[in-house]
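J.: First the structure, then my questions, so here it is.
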Amino acid sequence: MRRRRLSRQSASQFPPYLNDQMAKYPRNQPCWCGSGKKYKKCHLNRETQTPIRQHEAIRGFGGVFDEARCLHHEAPNGCSSQFVRAHTISKRGALSAIAEDGHVVAYPNLHDVFRLKGRPTFVRRGVNQATTFVGFCSHHDDSTFKLIDTTPFDGSSKYCGLLAYRETCRELFHKESIPAVVQHAREFDKGRSEVGQHKLQLELKMAEAMSAIGARDLRRQYDLISQCVDQDKFSNCKGLVFRFDAPSPLLCSSCFSLSHDIHGDMLFDLTKNFDTPVPSAWLEILPDTCGTFAFLMWHKDDETIQPVVAKQLLEEDPTRIPSLLMFLAVACSDNVVIRPSWWESLASDHRAAFEAAMGENTTDLALNPNIAKYANDNPVWSSSVTASRL
Ligand SMILES: [Zn+2]
Ligand SMILES: [Zn+2]
């Protein structure tokens with residue numbers, strides 16, 4: 001009896017300074033959470049409000065990522081009125097090469113995230129849901145990507161540059177949607193204690209700040225690659241191209257920040273360089289007419305630590321390269337799709353290694369795990385490989 005009273009008391013009074021602060025918070029001031037609303041219309045008495053249910057939360061997010069806009073660098077000039085569902089891993093060419101019964105294994109979407117409670121793993125998804133975004137008008141999509149949509153990979157820097165351009169636009173599309181996502185998620189603390197409210201709002205502020213840094217760096221990549229597309233000049237795209245004899249069961253399209261080498265050693269200290277854009281690279285693994293091609297590429301004006309990583313890759317035992325690129329993809333990108341039967345046939349410790357590498361990819365600020373060790377311990381894919389420089 002006594003114990004119960006005590007615990008109820010401590011729940012309502014903990015921490016005391018918080019309750020005191022909240023009691024004194026002026027009702028007509030902008031709310032402490034940063035929503036822009038008055039306190040009385042926002043967090044006043046939030047602990048007594050009805051919690052938002054899971055399906056309502058997901059429904060609220062839905063519209064954010066379906067808001068069509070053209071991200072072509074000339075937009076809105078020359079835009080047509082129709083928007084297309086653009087794909088970075090094409091449905092016809094690439095997804096169909098690995099899909100089974102209309103499904104692939106991919107990163108969890110919002111429904112899955114709630115179901116899995118944030119546990120990192122891959123899930124089965126319909127091919128129609130995978131990797132698309134509504135980020136181009138039909139005119140700019142047709143006129144810009146004709147080469148990569150209609151001809152097989154030719155190994156040229158232009159081909160790689162166009163793939164990188166479309167991927168950068170996809171990432172920008174998502175990154176620029178995050179403020180709207182955060183705004184929506186501010187309501188998720190309805191019914192929570194004051195401490196719980198502060199915890200969620202702090203996490204959201206952190207997510208907002210991180211994504212602002214990520215958006216700044218991505219904008220820079222976008223400007224660099226747009227310039228190449230605009231001038232039809234791709235000689236500033238540097239990197240490595242790999243060609244594999246075997247078809248890869250894992251595909252990837254990604255623009256990511258690079259702060260560590262393939263052994264997990266830090267080359268760029270983010271904590272000391274918040275004002276400097278983080279070095280970036282593009283990684284693509286896609287089907288080829290006679291197997292698979294992949295590239296790790298960067299723009300010459302952003303070149304800092306990327307050549308070190310490229311050199312390490314070239315020095316690796318070639319038999320390790322296929323698995324190494326797969327782990328790099330999983331660690332640095334959320335735009336990965338996998339053939340279902342291959343994923344399900346993997347030994348459980350290899351699957352666990354993928355999930356661990358994926359779990360280390362938890363921020364926008366490139367916490368790269370020890371890719372070389374993952375690949376060494378988990379030889380998940382083998383193929384003969386040739387490498388060349390861009
Ligand atoms: Zn508020
Ligand atoms: Zn357009």
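J.: Once the mean 1/r over all distinct Cα pairs of the stretch 20-99 is inverted, what Kirkwood radius in angstroms do you read off?
T.: Details: mean 1/r = 0.0565 Å⁻¹.
Roughly 17.7 Å, rounded to one decimal.
J.: Continuing with this model, one more query. Highest mean first, what order results for 178-189, 238-249, 40-51 on Cβ atoms within 10 Å?
T.: 238-249, 178-189, 40-51
J.: Hey, another quick one. Could you work out the Rg to Rh ratio of the stretch 237-389, with Rh taken as the Kirkwood radius (inverse of the mean 1/r over all Cα pairs)?
T.: Rounded to two decimals, Rg/Rh equals 0.94.
J.: On a 29 Å Cα-Cα criterion, which of the cross-link pairs K205/K238; K175/K300; K24/K205; K146/K205 come out too long?
T.: K205/K238; K146/K205
J.: Using only the alpha-carbon atoms, how far is helix 306-315 inclined from the longest principal axis of the chain? Give it as 0 to 90 degrees, nearest 10.
T.: For 306-315 against the chain, the angle is about 60 degrees.
J.: Amide H to amide H under 5 Å from C33: which residues, 5+ apart in sequence or cross-chain, H placed 1.01 Å off N in plane?
T.: Under 5 Å from the amide H of C33 lies no amide H from a residue far enough along the sequence or on another chain.
J.: Towards the positive end of the charge dipole of the chain, with charges on Cβ (+1 Lys, Arg; -1 Asp, Glu), say which of L346, V105, G63 has the farthest Cα.
T.: In the chain, that residue is G63.
J.: How are the C-alpha pair distances of the stretch 288-357 spread across 10 Å bins, as whole percents from the shortest bin up?
T.: Spelled out per bin, shortest first, that is 14, 44, 33, 8, 0.
J.: Can you compute the equivalent ellipsoid semi-axes for the chain, i.e. the square root of 5 times each eigenvalue of the Cα gyration tensor, sorted largest first and rounded to whole Å? Numbers along the way, then the final one.
T.: Numbers: eigenvalues 328, 122, 87 Å².
They are 41, 25, 21 Å, listed from largest to smallest.
J.: Another question about this same structure. Listing Y39, Y25, Y107 from the residue with the fewest other Cβ atoms within 10 Å to the one with the most, what is the order?
T.: Lowest to highest Cβ neighbour count: Y25, Y39, Y107.
J.: Applying a 10 Å radius around every beta-carbon, put 299-309, 132-142, 199-209 in order of their mean neighbour count, most first.
T.: The peptides rank, most packed first, as 132-142, 299-309, 199-209.
J.: Which length gain, in nm to one decimal place, applies between D349 and D230 when the Cα-Cα distance is subtracted from 0.36 nm times their residue separation?
T.: Gain on stretching D349 to D230: 38.2 nm.
Since every read-out is calculated from the coordinates, none of them should be taken as a lab result. Owing to the predicted nature of the structure, the values given are computational and were not obtained by experimental measurement. Positions of Cβ are backbone-derived with ideal geometry, glycine not excepted, and every protein chain shown enters the neighbour counts.
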